[in-house]
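Just so you know, all these numbers are worked out from the coordinates, no wet-lab data involved. Because the structure is predicted, anything quoted here is derived from the model rather than measured. Heads up, the Cβs are rebuilt from the backbone with ideal geometry, glycines too, and the neighbour counts pull from every protein chain shown.
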Amino acid sequence: MISIPIMKKPDNLEKLRKYLKENGKGFTLEREEMLKVILSMKGTYSAEVFYQAAFKKKAIHDRSTAYRALSIFADAGFLEVSRLPNGRKRYKTLH
């Protein structure tokens with residue numbers, strides 16, 4: 001059996017493109033790179049952990065962009081969002 005890397009599956013990238021187009025948002029290479037990072041994340045994680053992972057992979061440079069992008073990816077169906085009792089959010093990638 002051949003394993004296909006996550007971003008080689010056209011469904012994920014096409015799903016993102018379709019969501020962005022339907023919601024009047026532009027597709028950028030930065031968003032594509034952030035999607036790769038999101039799809040590689042395991043377990044639950046905070047926005048800061050996502051930012052650090054994306055920054056390390058040179059997918060993003062600005063913390064505020066990372067935080068805003070999480071909402072986009074959640075709305076597009078790539079992330080499950082839960083709120084902790086202290087009000088902070090945790091994210092989990094939906095595969």
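Summary table below
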item	result
Over the chain: helical MRE at 222 nm, DSSP H runs n ≥ 4 each giving -39500 (n - 2.57), nearest 500	-15500 deg cm²/dmol
Candidate lysines for bridging to residue 89, where Cα separation is under 25 Å - those fewer than 8 sequence places away on the same chain excluded	15, 25, 36, 42, 56, 57, 58
Cα long-axis angle, helix 10-22 against the chain (0 to 90 degrees, to the nearest 10)	70
Sorted by Cβ density within 10 Å, fewest first, the residues 68, 31, 63	68, 63, 31
0 to 90° range, to nearest 10: angle between helix 29-40 axis and the chain longest Cα axis	80
Kirkwood Rh and Cα Rg combined as Rg/Rh, the chain	0.96
For residue 79, residues with placed amide H under 5 Å, excluding near neighbours	74, 94
